[in-house]
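The values are calculated or read from the model by the stated rules, or taken from the named source; none is laboratory data. Keep in mind it's a predicted model, so treat the numbers as computed, not measured. A quick note on method: Cβ atoms are made from the backbone with ideal geometry, for glycine too, and the neighbour counts reach across all protein chains shown.
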Amino acid sequence: MRTKTLPGLSGRIKMRILPLQSNRLLMSLLSRRKFIGHAGKTALAGSVIFATGPQQAGKNMKNVFIHHVYFWLKNAGSAADQDKLAEGLQKLSGVKTIRQYHIGKPAATSRDVIDTSYALSWLVVFDNDADQASYQTDPIHLKFVEDYAHLWQKVIVYDSVDR
């Protein structure tokens, strides 16, 4: 039996690689329904590990400052402009006070309460308000605005802190 260290987890988690025959043997020992149920739970557990990174699953983020920015492009359908803005946001991630960030696009969900009219979103987690304030005046942030503001027609920012 081989093992494989999962990438990006600093070798903390190892996966067993079972040959196909072992999976068949396991399936013959379990009913199909139980096998699928166990496989689904294993896949879900793995996705929780990847989604949460070094944090533990189910933990509430406390004592953080969330800065979420939504961008609407002047050329709404332009993949080139989206790519250019994403490139700029990637550069912006170099600001030292950023704890975590995420560059996103609208999910393919459709409910009355969901706004998918924006082109890209920029979610940033800071340790505190002072780090967010420092980010606003950081030369990397100022350069981002200077170099990429021509791409957007509208920007909305939602900041939040613990209640």
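Regarding region 107-130, can at least one residue be identified that is assigned to a helix (DSSP H, G or I) and among the small types (Gly, Ala, Ser)?
Step one: filter region 107-130 for residues assigned to a helix (DSSP H, G or I), giving 129-130.
Then keep just the ones that are among the small types (Gly, Ala, Ser); that gives 130.
Looking for residues that are assigned to a helix (DSSP H, G or I) and among the small types (Gly, Ala, Ser), one finds at least one in region 107-130, hence yes.
Of a type outside the set (Phe, Trp, Tyr), at pLDDT 95 or above and under 21 Å from residue 150 (Cα atoms): does that describe residue 84? Talk me through it step by step, then tell me what you get.
Values: of a type outside the set (Phe, Trp, Tyr): yes; at pLDDT 95 or above: yes; under 21 Å from residue 150 (Cα atoms): yes.
When the stated conditions are applied, residue 84 passes them.
For residue 127, state whether it is surrounded by 14 or more Cβ atoms within 10 Å (Cβ to Cβ), among the acidic types (Asp, Glu) and under 30 Å from residue 59 (Cβ atoms).
On the way: surrounded by 14 or more Cβ atoms within 10 Å (Cβ to Cβ): no; among the acidic types (Asp, Glu): yes; under 30 Å from residue 59 (Cβ atoms): yes.
So residue 127 does not fit the description; no.
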Just the residues that are in a helix (DSSP H, G or I) and either of a type in the set (Gly, Ala, Ser) or over 22 Å from the mean Cα position of the chain (by Cα) (or both), please, taken from region 131-143. 133, 134, 137, 139, 142, 143
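Take the residues in region 130-163 that are charged (D, E, K, R) and farther than 22 Å from residue 80 by Cα, then tell me which one is surrounded by the fewest Cβ atoms within 10 Å (Cβ to Cβ). Full working, then the answer.
Restricting attention to region 130-163, the residues satisfying the condition of being charged (D, E, K, R) are 131, 138, 143, 146-147, 154, 159, 162-163.
From the residues that got through so far, the ones that are farther than 22 Å from residue 80 by Cα too are 131, 138, 159, 162-163.
Details: 131: 19, 138: 17, 159: 13, 162: 10, 163: 3.
Once the filter is applied, the top-ranked residue is 163.
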Of the listed residues (93, 47), the one being modelled with pLDDT under 95 and hydroxyl-bearing (Ser, Thr, Tyr) is 47
State all residues of region 72-90 that are surrounded by 14 or more Cβ atoms within 10 Å (Cβ to Cβ) and charged (D, E, K, R); if no residue qualifies, say none. 81, 84
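Could you pull out the residue among 114, 103, 98 that is surrounded by 15 or more Cβ atoms within 10 Å (Cβ to Cβ), closer than 22 Å to residue 73 by Cβ and without any contact (Cβ under 8 Å) to a residue 40 or more places away in the chain?
Values: 114 fails: surrounded by 15 or more Cβ atoms within 10 Å (Cβ to Cβ); 98 fails: closer than 22 Å to residue 73 by Cβ.
From the options 114, 103, 98, the qualifying one is 103.
Might you check whether a residue that is among the small types (Gly, Ala, Ser), under 17 Å from the mean Cα position of the chain (by Cα) and assigned to a helix (DSSP H, G or I) occurs anywhere in region 74-86? Break it down into steps so the answer makes sense when it comes.
Taking region 74-86 and keeping what is among the small types (Gly, Ala, Ser), we get 76-80, 86.
Applying the additional criterion that residues be under 17 Å from the mean Cα position of the chain (by Cα) yields 86.
Now restrict to residues that are assigned to a helix (DSSP H, G or I): 86.
Within region 74-86, one or more residues are among the small types (Gly, Ala, Ser), under 17 Å from the mean Cα position of the chain (by Cα) and assigned to a helix (DSSP H, G or I).
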Residue list for region 144-163, filter: of a type outside the set (Ser, Thr, Tyr) and either outside any helix (DSSP H, G or I) or at pLDDT below 95 (or both): 152, 153, 154, 155, 156, 157, 159, 161, 162, 163
